[in-house]
Amino acid sequence: PSSTEDNIPRRIQANVVNKIAAGEIIVAPVHALKELIENAVDAGATSLEVLVKDGGLKLLQITDNGHGIDKEDLPILCERFTTSKLKKFEDLSSICTYGFRGEALASISHIAHLTVTTKTKNSSCAWRAHYDGGKLSPAKPGQSPDPKPTAGRGGTQISVEDLFYNVPTRRKAFRSPSDEYNKIIDMIGRYSIHCAGVAFSCKKHGDSGTSISVQSQASTLDRIRQIHGGNVANELIQFSAADDRWGFKASGWATNANYHIKKTTLLLFINNRSVESSNIKKAVEQTYSAFLPKSGHPFVYLSLEIDPQRVDVNIHPTKREVNFLNEDEIIQCVCETIREKLAAVDTSRTFMTQT
Ligand code: ADP
Ligand code: MG
């Protein structure tokens, strides 16, 4: 038999493995962007500027004013499992930062052209480095791959160009750059609302104005108003709940019974990470069903802080979902708080119309 027809298992080439792994973490441009936002926030940035070309497939660039990266760390920045945030496995249960596995930049460097420009406050200049397949690479063939000094402000700029350039099947799956751009705007909108004290802007290449612009001093309510408009912002009630038994604190803003829309908007953060939860969404919709017309749905921004020891953030490579203990009890407690608030607003409205 020819060597391609036998059944001998062969080791897959390392670069193929890395490409497959990267494609599991970064499925669409928005997933790369989410990692870059989280890194910038982890670095203490108070300003994040995003520039997007072709829905992020041609260019995703994020500029922050965080603490920057030491020049000495640049050579290993994009190696897998390189992180400044996790020293030993036990740290996973007490981790407070968004990142913890050192996989994001490594993954991106396997499926895109990655450029990092960074300046710490102790450095007299900024340094620029290009990466390919986890390693430093030259800007042009024949040049040295070493980081080059350049002018730059304090902080970090990460440019991701030609995402999936070497994964043609994935590249072809993106039919509409504007769909990808909308996902990006949605994700930046979420973090703009959640990250108090941080300014955000997002611009589409070629547009004169910005799609998102939020000042650092804007309140949470201002942020919701800027991203979702007055119709939502004028009908919000603030809520909070906590219970030591289940090790959680919850806070957020939810629309009252005056407001409803066709589909639920749930902006959910668990320990400061934007995640999805169909259980929480279902429970919230159930809570509102007593207050809204049959086809009406709410807007809810919910930030849950759960004792890190009770959370398993590591169930999925994309970190899009998390598991936590006493999920049912926590959901019930949050929904009961929202229900009481909705009922209180409902009664005060009845009183007002009576007088
Ligand atoms: P993780 O966030 O899980 O540590 P990443 O691959 O996302 O892994 O990032 C690797 C490392 O690069 C981080 O631990 C951090 O030290 C550094 N880094 C990445 N982005 C930034 C940034 N915007 N500012 C400062 N340091 C950064
Ligand atoms: Mg990270």
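The values are calculated or read from the model by the stated rules, or taken from the named source; none is laboratory data. Quick caveat, the model's predicted, so the values are computed rather than measured. Neighbour counts run over all protein chains shown; Cβ positions are idealised from the backbone, glycine included.
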Looking at the stretch 54-71, is at least one residue over 30 Å from residue 214 (Cα atoms), more than 15 Å from the chain's Cα centre (by Cα) and away from ligand 1 (no atom under 12 Å from the Cβ)?
yes
Within the stretch 319-345, track down each residue that is farther than 16 Å from residue 282 by Cβ and in a helix (DSSP H, G or I).
337, 340, 341, 342, 343, 344, 345
Quick check on residue 152: is it modelled with pLDDT under 95 and within 16 Å of ligand 2 (Cβ to nearest atom)?
no
Let me confirm something: among 184, 193, 111, 188, which residue is away from ligand 1 (no atom under 13 Å from the Cβ), in contact with a Cys (Cβ under 6 Å, 6 or more places away or on another chain) and not acidic (Asp, Glu)?
188
Looking only at residues that are in a strand (DSSP E or B) and of a type in the set (Val, Ile, Thr) in the stretch 206-218, which one is surrounded by the fewest Cβ atoms within 10 Å (Cβ to Cβ)?
212
Counting just the residues of the stretch 237-258 that are touching a helix residue (DSSP H, G or I) at 6+ places or on another chain (Cβ under 7 Å) and without any contact (Cβ under 8 Å) to a residue 60 or more places away in the chain, which one comes out surrounded by the fewest Cβ atoms within 10 Å (Cβ to Cβ)?
253
Would you be able to tell me the number of residues in the stretch 128-165 that are surrounded by fewer than 16 Cβ atoms within 10 Å (Cβ to Cβ), in contact with a Leu (Cβ under 7 Å, 6 or more places away or on another chain) and of a type in the set (Gly, Ala, Ser)?
0
Among (1) in contact with a Leu (Cβ under 8 Å, 6 or more places away or on another chain); (2) within 11 Å of ligand 2 (Cβ to nearest atom); (3) closer than 16 Å to residue 133 by Cα; (4) hydrophobic (A, V, I, L, M, F, W, C), which single condition is residue 36 missing?
(3)
Scanning for something surrounded by 18 or more Cβ atoms within 10 Å (Cβ to Cβ), on the phi > 0 side of the Ramachandran plot and of a type outside the set (Val, Ile, Thr), does the stretch 262-284 turn up at least one residue?
yes
